[in-house]
Amino acid sequence: MTEETQAFNSALPQHVGIIMDGNGRWAERQGKPRVWGHKKGVDAVRKAVSFCRKLGIPSLTLFAFSSENWRRPEDEVSSLMQLFLFVLQQEVKVLHKNQVRLNIIGDLSRFSPGLQESIAKAQALTAGNTGLTLNVAANYGGRWDIANAAQQLAQQVANGTLQPAEITEQLLSQHIQMHDQPELDLMIRTGGDIRISNFLLWQAAYAELCFLDTLWPDFDDQVFADAIASFVRRERRFGCTGAQIRELAAGSTEGQ
Ligand code: IPE
Ligand code: IPE
Ligand code: MG
């Protein structure tokens, strides 16, 4: 990395989102059932979490199950639910010991009562932790997130406590998931496909996107470090010109 590129964006991402894709293909390539890939994917989750802790990245959001994944064969969906419950119960103590705050985002009402209870317990246990915030998106969809926020504001309008003209981007964003965390800086997708698949639509407005061919079970510290190095090299302009950004990075206030 040159000094020049470092000046553009030398800060580490404060919030990384990952679409953990490619488990099924990883397993199929080895002649194993798809669920084997999902199980192996859990090891990669552990690595990603500990990597973020090591680097001091405050927020990590992992896409574990989309609102569209219910369309999969019933046995795959039920294996994923079992795995989710098992991992939650098995990992929560370690997460807690490591100061990780667990936050599940998505429409949880479709999950079994047992899973909902485990989620509530895990979140309550880790609520006071001040290390990494680990958001797990489960039965999550970016469109659901926005509709959910709209519904909350509509309710306030119906109650007479809010005027439609008072609905601004800023107000709506306060009802979007993870509004209390740093802005999404970097969105990574493994598995080779170049699409967002209804992940963090609102939050991704100015995120840097990184699409990797690596299948999720093969994701490790080196792959993560390379993605972060690519993020650090990019010039984020947020609508400004490159010259303005370089001026800001140089600490100059001239020309503003
Ligand atoms: C991502 O891996 C995990 C989930 C969607 C639960 P996939 O299961 O989508 O793996 P591929 O894309 O079929 O390889
Ligand atoms: C996105 O992967 C969802 C998760 C990683 C949980 P998919 O495999 O479901 O995405 P599509 O269907 O290929 O777009
Ligand atoms: Mg997939």
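The values are calculated or read from the model by the stated rules, or taken from the named source; none is laboratory data. Just so we're clear, the structure is a prediction, and the values are computed from it rather than from any experiment. All Cβ positions, glycine included, derive from the backbone under ideal geometry; neighbour counts span all protein chains shown.
Take the conditions at pLDDT 95 or above and either touching a Leu at 6+ places or on another chain (Cβ under 8 Å) or near ligand 1 (Cβ under 8 Å from one of its atoms) (or both) and apply them to VAL77. Does it pass?
Criteria not met by VAL77.
Residues checked against (1) within 16 Å of ligand 2 (Cβ to nearest atom); (2) aliphatic (A, V, I, L, M); (3) closer than 23 Å to ASP220 by Cα:
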position: VAL45; (1), (2), (3): yes, yes, yes
position: GLY56; (1), (2), (3): no, no, yes
position: PRO73; (1), (2), (3): yes, no, no
position: GLU91; (1), (2), (3): no, no, yes
position: GLY106; (1), (2), (3): yes, no, no
position: SER118; (1), (2), (3): no, no, no
position: ALA124; (1), (2), (3): no, yes, no
position: GLN155; (1), (2), (3): no, no, no
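I want to confirm something. Restricting to region 1-33 and keeping residues that are farther than 24 Å from MET187 by Cβ and either at pLDDT 95 or above or of a type in the set (Lys, Arg) (or both), which single residue is farthest from ligand 1 (Cβ to nearest atom)?
That would be GLY31.
Criterion first (within 17 Å of the chain's Cα centre (by Cα) and among the small types (Gly, Ala, Ser)) does SER79 satisfy it?
Spelling it out, it is not the case that SER79 is within 17 Å of the chain's Cα centre (by Cα) and among the small types (Gly, Ala, Ser).
If the requirement is being at pLDDT 95 or above, in contact with a His (Cβ under 8 Å, 6 or more places away or on another chain) and within 20 Å of PHE224 (Cα to Cα), which of these qualifies: LEU55, LEU83, LEU60?
LEU60 is the lone residue from the list that is at pLDDT 95 or above, in contact with a His (Cβ under 8 Å, 6 or more places away or on another chain) and within 20 Å of PHE224 (Cα to Cα).
Could you check region 20-76 and list, in sequence order, the residues that are within 20 Å of GLY141 (Cα to Cα), of a type in the set (Phe, Trp, Tyr) and part of a helix (DSSP H, G or I)?
Passing the criteria: only TRP70.
Hey, ASP226 hits all of (1) buried (at least 17 other Cβ atoms within 10 Å of the Cβ); (2) out of contact with any Lys or Arg (no Cβ under 7 Å at 6 or more places or on another chain) but one; which does it fall short on?
Just one mismatch for ASP226, condition (1).
For the condition free of Cβ contacts under 8 Å to residues at least 24 places away in the same chain and either in contact with an Asp or Glu (Cβ under 9 Å, 6 or more places away or on another chain) or surrounded by 18 or more Cβ atoms within 10 Å (Cβ to Cβ) (or both), what is the one hit in LYS54, LYS93, LYS97?
LYS54
I'd like to know if region 199-214 contains one or more residues that are under 20 Å from the mean Cα position of the chain (by Cα), within 16 Å of ligand 1 (Cβ to nearest atom) and outside any loop (DSSP other than H, G, I, E, B).
yes
Quick one: count up the residues across region 171-198 that are part of a loop (DSSP other than H, G, I, E, B), in contact with a helix residue (DSSP H, G or I) (Cβ under 9 Å, 6 or more places away or on another chain), under 17 Å from PRO58 (Cα atoms) and not acidic (Asp, Glu).
4
Select from region 17-43 the residues that are aliphatic (A, V, I, L, M) and away from ligand 2 (no atom under 12 Å from the Cβ) and write down the one among them that is surrounded by the most Cβ atoms within 10 Å (Cβ to Cβ).
ALA27
Given the condition assigned to a helix (DSSP H, G or I), of a type in the set (Gly, Ala, Ser) and either within 16 Å of ligand 1 (Cβ to nearest atom) or surrounded by 20 or more Cβ atoms within 10 Å (Cβ to Cβ) (or both), answer yes or no: does some residue in region 157-170 qualify?
Within region 157-170 (the criterion being assigned to a helix (DSSP H, G or I), of a type in the set (Gly, Ala, Ser) and either within 16 Å of ligand 1 (Cβ to nearest atom) or surrounded by 20 or more Cβ atoms within 10 Å (Cβ to Cβ) (or both)), the answer is no, since none of the residues qualifies.
Here are some conditions: (1) free of Cβ contacts under 8 Å to residues at least 60 places away in the same chain; (2) closer than 15 Å to ASN135 by Cβ; (3) not hydrophobic (A, V, I, L, M, F, W, C). ASN103 meets all but one. Which one does it not meet?
(1)
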